[in-house]
Amino acid sequence: MEIKVNKEKCTGCKICVDVCPVGAISTDDNGKAQIDQRCTFCTLCVKECPENAIEIIGEEKKKVVDLSGYKGIWFFAEQKHGKLSHVSYELCGISLKLAQTLKQEVCGVIFGSNCDQMAQELFNRGAQKVYIVEDQSLDEFRQDIYVCLMTELIKKYKPNIVLASATMVGRSFVPQVAARLKTGLTADCTDLAIDPETKLLLQIRPTYGGNLMAKIICENHRPQMATIRPKAVEEARFIGDHDGVIVKENFSSFNAVCRVDLVSKEAVEQTIDLQEAEIIVSGGRGLGEGKNFDMIRKLAQLLGGAVGASRAAVDSGWIPYPHQVGQTGKTVKPKIYIACGISGAIQHLAGMSTSDYIIAINKDPDAPIFKVANLGIVGDIFEVIPKLIQKLEAKK
Ligand SMILES: Cc1cc2nc3c(=O)[nH]c(=O)nc-3n(C[C@H](O)[C@H](O)[C@H](O)COP(=O)(O)OP(=O)(O)OC[C@H]3O[C@@H](n4cnc5c(N)ncnc54)[C@H](O)[C@@H]3O)c2cc1C
């Protein structure tokens, strides 16, 4: 596909220059529009040109897909050792919110063994139906098989929307499902909504370094698919014992082939999961050097919390990436988030600003972190943190 300016039709009005989000359009010596290699084929210029002077060349003819048969909001419910993970309840929560406008059934999908109790837990939070593929071999995440099962279920039941969490599991297998179904997928959304007029799913996520929130739609293909960042949306609340419909699919009927054998499992040392932690103490560039993270670790340990970090601290090699909070790190929502020597760049805020209570310690009174902080301490972390540690130790 190519986008070209028809120079005979172009009047040089420059509307296209203004609308191009990536600055790929300028005017040539004759005052006519010209498009350079920065063009991302977003086609905004084509839509906005009042003279229809910008043309799409070689566009594939859009296959007309009958979308009317696609109904229901599905979410993939992750489980570990027969227990649903919190992200499953988050997906249930956002699905119920979408259903308020869309008026379609909310359905969970569970793979694993002994799934009935887990299905009941979803009914107790408002889901109406749960699709189950039951087999012991599905207790552990196995990419090939999960892709096959999910793809086949979607082909059979034709849901309108399919959601998964942007966890390691969701990020691994859901894009492959979307590719097999030849539909779109918006990864890492921070929110979802339904357009009240078109009833399309608005897939909302940060873009351009977190400076803009994009609303992405999937107009011509189904299902509409998205992964949602953990902790970005509210969990569905427990609403009491509720009945729902369980649809069980026979695992052996899927003919799922897995190219990977699980040979053995080895437990790795577990630190507190950042996204599960109720208290997080995070350190930033203000720490000056890696060994000063000891002070952050000590404070976190005394509070029973986990250690987070800004990207500046991670990029400096002071602490490994799994601790990074923010747009390209983890989204967290603890009860208390303590930011130490972190300026509060928009990309950091994107990962922690919905925390219940934010405490910021920074020597710069104008640091942006204070704009989101519930409690701001203007001071030197090397004075404040040791005092906090001392007080907590004395209390213990
Ligand atoms: C595409 C993109 C994605 C990004 N993703 C992320 C992300 O996921 N997470 C993230 O964190 N960043 C991310 N960033 C980087 C982000 O823009 C900032 O550069 C980064 O968050 C800054 O980290 P910082 O606050 O630790 O450092 P700085 O901005 O340098 O702030 C250090 C702060 O420490 C304070 N300070 C210094 N010494 C002391 C002291 N002794 N006592 C008290 N305060 C002190 C200073 O006043 C300052 O406010 C991303 C950037 C881009 C472009």
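The values are calculated or read from the model by the stated rules, or taken from the named source; none is laboratory data. Small disclaimer: the values here were computed from a predicted structure and weren't measured. In this analysis, Cβ positions are derived from the backbone assuming ideal geometry, glycine residues included, and neighbour counts consider all displayed protein chains.
Only one residue in G329, G341 is closer than 14 Å to G283 by Cβ and at pLDDT 95 or above. Which one? I'd like the intermediate steps shown before the answer.
Numbers: G329 fails: at pLDDT 95 or above.
The match here is G341.
Restricting attention to the stretch 103-119, does a residue exist that is more than 24 Å from the chain's Cα centre (by Cα), in a helix (DSSP H, G or I) and surrounded by fewer than 17 Cβ atoms within 10 Å (Cβ to Cβ)? Yes, because at least one residue in the stretch 103-119 is more than 24 Å from the chain's Cα centre (by Cα), in a helix (DSSP H, G or I) and surrounded by fewer than 17 Cβ atoms within 10 Å (Cβ to Cβ).
Right, K248: surrounded by fewer than 16 Cβ atoms within 10 Å (Cβ to Cβ) and within 21 Å of L122 (Cβ to Cβ) or not? Explain how you work it out, then say what you get.
Values: surrounded by fewer than 16 Cβ atoms within 10 Å (Cβ to Cβ): yes; within 21 Å of L122 (Cβ to Cβ): yes.
So K248 fits the description; yes.
Show me the strands (runs of 3 or more DSSP E) entirely contained within the stretch 163-231 in which 2 or more residues are out of contact with any His (no Cβ under 6 Å at 6 or more places or on another chain) and under 15 Å from M150 (Cβ atoms). Counting at least 2 such residues, we get 224-228. Consider K291 carefully, then state whether it is surrounded by fewer than 12 Cβ atoms within 10 Å (Cβ to Cβ), more than 30 Å from I94 (Cα to Cα) and modelled with pLDDT of 95 or more. Here the answer is yes, as K291 does meet what is asked.
Applying the selection to the stretch 323-339, what residues are outside any loop (DSSP other than H, G, I, E, B) and either in the same structural domain as M168 (by TED's automatic domain parsing) or under 17 Å from Q301 (Cβ atoms) (or both)? Hits for the stretch 323-339 are H323, I336, Y337, I338.
Between K391, K395, which is farther than 19 Å from E278 by Cβ and either within 7 Å of the ligand (Cβ to nearest atom) or without any contact (Cβ under 8 Å) to a residue 40 or more places away in the chain (or both)? I'd like the intermediate steps shown before the answer.
Values: K395 fails: farther than 19 Å from E278 by Cβ.
The unique qualifying residue is K391.
One line per residue, one yes/no per condition, for (1) among the acidic types (D, E); (2) assigned to a helix (DSSP H, G or I):
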| residue | (1), (2) |
| --- | --- |
| S343 | no, no |
| H348 | no, yes |
| G351 | no, yes |
| T354 | no, no |
| I359 | no, no |
| D364 | yes, no |
| A367 | no, no |
| G376 | no, no |
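Give the residues of the stretch 236-262 that are at pLDDT 85 or above and either touching an Asp or Glu at 6+ places or on another chain (Cβ under 7 Å) or of a type in the set (A, V, I, L, M) (or both), sorted by residue number. Across the stretch 236-262, the qualifying residues are A236, I239, V245, I246, V247, K248, F251, F254. Here L349 meets the list (1) at positive phi; (2) surrounded by fewer than 23 Cβ atoms within 10 Å (Cβ to Cβ) almost entirely, failing just condition (1). Output the residues belonging to the stretch 339-388 that are more than 9 Å from the ligand (Cβ to nearest atom), in contact (Cβ under 8 Å) with a residue 24 or more places away in the chain and of a type outside the set (A, V, I, L, M, F, W, C). The answer is T354, S355, K371, P386. Scanning the stretch 113-145 for residues that are at pLDDT 95 or above, out of contact with any strand residue (DSSP E or B) (no Cβ under 6 Å at 6 or more places or on another chain) and among the aromatic types (F, W, Y) returns a single hit, F123.
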